[in-house]
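Data block below; observations after.
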Amino acid sequence: EKEGELWFEVDEQTLRRSQMEVKKATGAAPTSIMDLFPAPTSQTHSSEAGKYVAMDCEMVGVGPDGVESALARVSLVNYHGGVLLDTYVKPVGRITDYRTHVSGVEPHHLRDAPSLQDVQQRVFDLLQGKVLVGHGLKNDFRALLLEHPRRMVRDTSKYRPFRRISRGKTPGLKRLVKHFL
């Protein structure tokens, strides 16, 4: 990370100030870390992108034995969890493994799905000027055939303090959620 760049770490002084602001606004001390994140106001619509966008993609297997991955679904949400895009994608190539147990994708989801090209453009437009948060984003970018400026990417699989809980290895998202949330 570059100096002065906000990631997930927050210094103790900022954290205490946030806790005091929550207590002042609600009359109660925050009970979880989520209490420190502001809820949408009447001026903030849940469908507006804002500065931060989170993304996740689901893949299906294509080619012999389904070992190659192809994009099948893209989901983007804003800081408040408002859905900006949640769409299936017609994969390029013949699907040989839906990976339903992992992806949740079934054949009927993809019958009338938009093309990869259409979805790429929508994702590209939504990400312009945004800080993108996700886990294992390298795989998502590969499937989308897109890039995003490195300085605007916050990948939880690469964040060093998170990697400590996996002894320097890439931590699984399930493990991060269990540990931190």
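The values are calculated or read from the model by the stated rules, or taken from the named source; none is laboratory data. What you see is a predicted model, and the numbers here were worked out from it, not measured in a lab. Note that each Cβ is placed from the backbone with ideal geometry, even for glycine, and that neighbours are counted across all protein chains shown. Remember, those area values only see protein heavy atoms, side chains included, never the ligands or the DNA or RNA. Shrake-Rupley method; radii C 1.70, N 1.55, O 1.52, S 1.80 Å.
Filtering region 78-97 down to residues that are under 16 Å from Leu110 (Cβ atoms) and polar (S, T, N, Q), which residue is most open to solvent (accessible area, probe 1.4 Å)? Before you say what the answer is, go through the steps one by one.
Initially, region 78-97 is screened for residues under 16 Å from Leu110 (Cβ atoms), giving 86-97.
Now narrow it down to the ones that are polar (S, T, N, Q): 87, 96.
Values: Thr87: 19, Thr96: 57 Å².
Going through the qualifying residues, I end up with Thr96.
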Practice problem: For region 39-47, indicate whether the set of residues that are of a type outside the set (Phe, Trp, Tyr), modelled with pLDDT of 60 or more and open to solvent by less than 60 Å² (accessible area, probe 1.4 Å) is non-empty. | Solution: no
Quiz item: Does region 70-77 include one or more residues that are under 16 Å from Arg142 (Cβ atoms) and either out of contact with any Leu (no Cβ under 8 Å at 6 or more places or on another chain) or basic (Lys, Arg) (or both)?
Solution: yes
Quiz item: How many residues are within 17 Å of Tyr79 (Cβ to Cβ) and open to solvent by 20 Å² or more (accessible area, probe 1.4 Å) when one looks only at region 115-136?
Solution: 6
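Of the residues that make up region 137-145, is at least one of a type in the set (Lys, Arg), open to solvent by less than 80 Å² (accessible area, probe 1.4 Å) and farther than 21 Å from Lys174 by Cβ? Explain how you work it out, then say what you get.
In the first step, residues of region 137-145 are kept if they are of a type in the set (Lys, Arg); the result is 138, 142.
When the remaining residues are screened for being open to solvent by less than 80 Å² (accessible area, probe 1.4 Å), the result is none.
No, because not a single residue in region 137-145 is of a type in the set (Lys, Arg), open to solvent by less than 80 Å² (accessible area, probe 1.4 Å) and farther than 21 Å from Lys174 by Cβ.
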Exercise. With respect to Leu84, determine if the residue is in a strand (DSSP E or B), of a type in the set (A, V, I, L, M, F, W, C) and in contact with a His (Cβ under 6 Å, 6 or more places away or on another chain).
Key: no
Quiz item: Which of (1) in contact with a helix residue (DSSP H, G or I) (Cβ under 8 Å, 6 or more places away or on another chain); (2) closer than 14 Å to Arg122 by Cα; (3) at pLDDT 95 or above does Leu71 not meet, given it meets every other one?
Solution: (2)
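Please count how many residues of region 46-63 are assigned to a strand (DSSP E or B) and either in contact (Cβ under 8 Å) with a residue 40 or more places away in the chain or within 12 Å of the chain's Cα centre (by Cα) (or both). Outline the logic, then answer.
Let us first name the residues in region 46-63 that are assigned to a strand (DSSP E or B), namely 52-62.
Pick out the ones that are also either in contact (Cβ under 8 Å) with a residue 40 or more places away in the chain or within 12 Å of the chain's Cα centre (by Cα) (or both) and you get 52-60.
Total satisfying the criteria: 9.
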Exercise. For region 160-181, name all the residues that are open to solvent by less than 90 Å² (accessible area, probe 1.4 Å) and either small (Gly, Ala, Ser) or in contact with a Pro (Cβ under 9 Å, 6 or more places away or on another chain) (or both).
Key: Phe162, Arg163, Ile165, Ser166, Gly168, Gly172
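In region 64-77, what count of residues is obtained for those that are free of Cβ contacts under 8 Å to residues at least 60 places away in the same chain, of a type outside the set (D, E, K, R) and open to solvent by 10 Å² or more (accessible area, probe 1.4 Å)? Spell out how you get there, then give the answer.
Step one: list which residues in region 64-77 are free of Cβ contacts under 8 Å to residues at least 60 places away in the same chain, which gives 64-68, 72-73, 75-77.
Checking which are of a type outside the set (D, E, K, R) leaves us with 64, 66-67, 72, 75-77.
Right, trim to open to solvent by 10 Å² or more (accessible area, probe 1.4 Å) and you get 64, 67, 75, 77.
Selection size over region 64-77: 4.
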Quiz item: When region 143-181 is examined, which residues are found to be without any contact (Cβ under 8 Å) to a residue 12 or more places away in the chain, under 22 Å from Ala72 (Cβ atoms) and either in contact with a strand residue (DSSP E or B) (Cβ under 8 Å, 6 or more places away or on another chain) or not basic (Lys, Arg) (or both)?
Solution: Glu147, Gly172
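Tell me, which helices (runs of 4 or more DSSP H) lie completely within region 94-181 with 1 or more residues that are under 25 Å from Pro64 (Cα atoms) and hydroxyl-bearing (Ser, Thr, Tyr)? So that I can check it myself, show each step before the final result.
On the way: elements: 100-103, 107-110, 116-127, 137-144, 160-163, 173-180.
The helices (runs of 4 or more DSSP H) meeting that bar are 100-103.
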